[in-house]
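Undergrad: I'd like to ask some things about the structure below.
The values are calculated or read from the model by the stated rules, or taken from the named source; none is laboratory data. Note that the coordinates shown come from a computational prediction; the quantities given were computed from them, not determined experimentally. Virtual Cβ from ideal backbone geometry, glycine too; neighbours counted across all protein chains shown. Protein only, heavy atoms only, side chains kept; ligands, DNA and RNA dropped before computing areas. Shrake-Rupley method; radii C 1.70, N 1.55, O 1.52, S 1.80 Å.
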Amino acid sequence: MTDELTVGQLASRFEITVRTLHHYDEIGLLAPSARSGAGYRLYSEADITRLQHIVVYRRLGFPLEEISLLLAHPESVEQHLRRQRAAVLDRLDEMRDLVAAIDRALEKESTGMKLTKQEQQELFGEGYSDEYAAEAEQRWGDTDGWRQSQERTSGYSKQDWVAIKAEMDAVNTVFVAAKRAGLAADSVPAMDAAEQHRQHIHDRFYDLSHEFHRNLGDMYLADPRFKTYDDQEPGLAQYVRDAIHANADRHAG
């Protein structure tokens, strides 16, 4: 028959080896329906359809013995296809979950933040968000400071982040105390707090000059997302910014 395929043609169509087809014939999983006059295997349309099912089941991880049992049942092609479709959808769900887990691991490694999101919220409150972190990377991802920060923080443990948070809180406490005491932003205690703030970032994240520290101070005032300063003490964002500028002037002089 003209629609019959030789073993070589069948192997080429399904991208499997001739040896595999010989093995399927030997174990009775797929025997050719005919032979040529010279004794060569010839596969009919029914054989081709059966091989389609075998290939799909194999890709889904079914062992040959189980595939043989499945194909031995008097099911229609539609029933086999529905079973295979359901199995593929289950596998897709598993793969999506796996991809999501891999993405979470990649995010954890790329940010260097060795904390769960719950732990991040517990430590940094609403001041930390994935959206802000992503924006920061977009704005400064090509800078030496960003790369240096990523290198340093990549090895930080949860205990390191707890210590960093304590250091931040200590500096902020000094700022609040100085402001509430009525000390000017250019007073020595306020400028000393600004220097502690700069040194904290310099030691923990990236090299921070006094001039670049000015830019951070301006951002704390200009970006409403730094309202956490004002949540601690009304007007604190302005006070911190002015103290940072005064401290930079002190060191420039």
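Undergrad: Evaluate the relative contact order of the range 199-253 (contact order divided by residue number), counting alpha-carbon pairs under 8 angstrom at least 6 apart; express in whole percent.
TA: Computed over the range 199-253, the figure is 37 percent.
Undergrad: Not counting ligands, DNA or RNA, and with a 1.4 Å probe, what is VAL55's accessible surface area in Å² rounded to the nearest 10?
TA: Its heavy atoms expose roughly 40 Å² to the probe.
Undergrad: Using a simple spin-label model with points 7 Å from Cα along the Cα→Cβ vector, what separation in nm is obtained for VAL18 and GLU151?
TA: Going from the VAL18 label point to the GLU151 one covers 5.8 nm.
Undergrad: Contour minus end-to-end for GLN196 and LEU70, with contour as 0.36 nm per residue of separation and end-to-end as the Cα-Cα distance?
TA: Answer, rounded to one decimal: 38.1 nm.
Undergrad: Could you pull out every residue, at least 5 positions away or on a different chain, whose amide H is within less than 5 Å of the one on LEU30? Hs are placed 1.01 Å off N in the peptide plane, and Pro or chain starts have none.
TA: Placed amide hydrogens put ASP25 under 5 Å from LEU30.
Undergrad: Per 0.36 nm of contour for each residue apart, how much would the distance between PHE212 and LEU98 grow if the chain were fully extended, relative to their Cα-Cα spacing?
TA: 36.8 nm
Undergrad: May I pose another question? Could you derive backbone 3J(HN,Hα) for the range 241-247 from the dihedral phi with the Karplus parameters 6.51, -1.76 and 1.60 (θ = phi - 60°), listing whole Hz in sequence and x where the residue is Gly or Pro?
TA: With coefficients 6.51, -1.76 and 1.60, one gets 4, 5, 5, 4, 5, 5, 5 Hz.
Undergrad: Compute the relative contact order of the range 32-94 as a whole-number percentage, counting only Cα pairs closer than 8 Å that sit 6 or more residues apart in sequence.
TA: 22 percent
Undergrad: Over the range 5-58, what is the relative contact order in percent, taking alpha-carbon pairs closer than 8 angstrom and at least six residues apart?
TA: That works out to 33 percent.
Undergrad: So what does THR49 come to for accessible area, using a 1.4 Å probe and Å² rounded to 10?
TA: So the heavy atoms of THR49 present about 40 Å² to solvent.
Undergrad: Further question: When only the heavy atoms of the protein chains count and the probe is 1.4 Å, how do GLU94, GLU233, GLU26, GLU15 rank by accessible area, highest first?
TA: GLU15, GLU26, GLU94, GLU233
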